[in-house]
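Written out below as structure tokens is the structure these notes cover.
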Amino acid sequence: MAKPLTVVAVAGAALLVRRALRRRVQGSPLWPMPALDEPVSGRPRSRALRLLVASRETVAEGVVQLRLEGRGLPRWEPGAHLDLVLPSGLVRQYSLCGDPADTSSYTVATRLVEGGRGGSREVHEQVQEGMEIEVRGPRNRFPLVDAPAHVFVAGGIGITPILPMLRALPDGAEWRLLFGGRTRASMPYLEEVRALGAGRVSVVAEDEDGRPDLDALFADLPEKTAVYCCGPEGLLAAVAGRVPDVRFERFTAGVADGGAFEVELRRSGRVVAVPADSSVLAAVRAELPDTAYSCEQGFCGTCQQRVLEGEVEHRDELLTDAERDDSMLICVSRSRSDRLVLDM
């Protein structure tokens, strides 16, 4: 059956947006990018917006909060995140931690990560009050669900998606939170969190208290309790090892939970091995270092490549069903077959 012309047109527009972003990352500035805000094959697409950095303040040691102002902004629900297109063209995702009912501004916060991939440093050093910044979203992969009880575990900056959840819980809801960090000074929104749940919040500062006691937290967990965790990989792994059904929000995409396989780069005449603990992007860039990429989390589309052969395990948050027929985002997606063939 032929596809409706509107779907074809929208898919073409989506491809133009991603190509524009790719050119920006590779050094050809294209500003502003086209707006896009329509569903394709059942997958919502978010328009690009340019918002004013109305305020910038330090809310904890090493943590900067940005309030981004606009008009008639899309509504969001607790747990949602926003894509920020930084001045360099890097795309990074930050959890929304403001008021979901406020359609005039978005609030995000980011911790400076020493030795990271550069996004947090760019926010801290280059994004200033009074400038404009491009955003896309919001999107929500970490929603608050209906449940008889809720348990939250936050590590450091991982409190940002959880904070709006705590505000949204109805009076009388059964919940508790374990909020951990290196030091109390490094834990953003600490006083507000404590005020929201007197007697329900356990604060664990590692320099004072050591590691949190997760066994005690999950002892005698009521049936059907919803458990949420956001923080560094070590914390997520520790929680997952104790609770079989956990809702996670990761700082980075998980790529190391699949088998090893090979990728043939047809145009280059090369074959690269992709270990179980590496991404296709990392393996490809070892051979082709100029391969474009940005977010490394399956959101921006910069690393999209055409697939000639093989079965892809798609893990991105961007491609439509039609686009997945013959392409993939190599930063997060993997192979179900022993070999993939890419048009590279």
Going residue by residue through the range 68-77, the Karplus relation 6.51 cos²θ - 1.76 cosθ + 1.60 with θ = phi - 60° gives ³J(HN,Hα) values, rounded to whole Hz and with x marking Gly or Pro, of 10, 9, x, 10, x, 5, x, 6, 9, 10
Which is farthest toward the positive dipole end of the range 58-106 among V64, G89, A101, measuring Cα position about the Cα centre, with Cβ charges +1 (Lys, Arg) and -1 (Asp, Glu)? G89
From the phi of every residue in the range 184-191, what ³J(HN,Hα) in whole Hz does the Karplus formula 6.51 cos²θ - 1.76 cosθ + 1.60 yield, where θ is phi - 60° and glycine or proline is x? 4, 5, 8, 9, x, 6, 4, 5
Counting only backbone N atoms under 18 Å from a point 7 Å out along Cα-to-Cβ of R141, the residues of the range 262-287 in range are 277-282
Just how far, in whole angstrom, is the range 260-302 from the range 185-235 if you go by their alpha carbon centroids? 37 Å
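What full-extension length gain, to one decimal in nm, is calculated for A237 and L52 as 0.36 nm per residue of separation minus the Cα-Cα distance?
Separation in residues times 0.36 nm, less the Cα-Cα distance, equals 62.9 nm.
Read-outs: derived from the displayed coordinates by stated rules, not from any lab. Quick caveat, the model's predicted, so the values are computed rather than measured. Note that each Cβ is placed from the backbone with ideal geometry, even for glycine, and that neighbours are counted across all protein chains shown.
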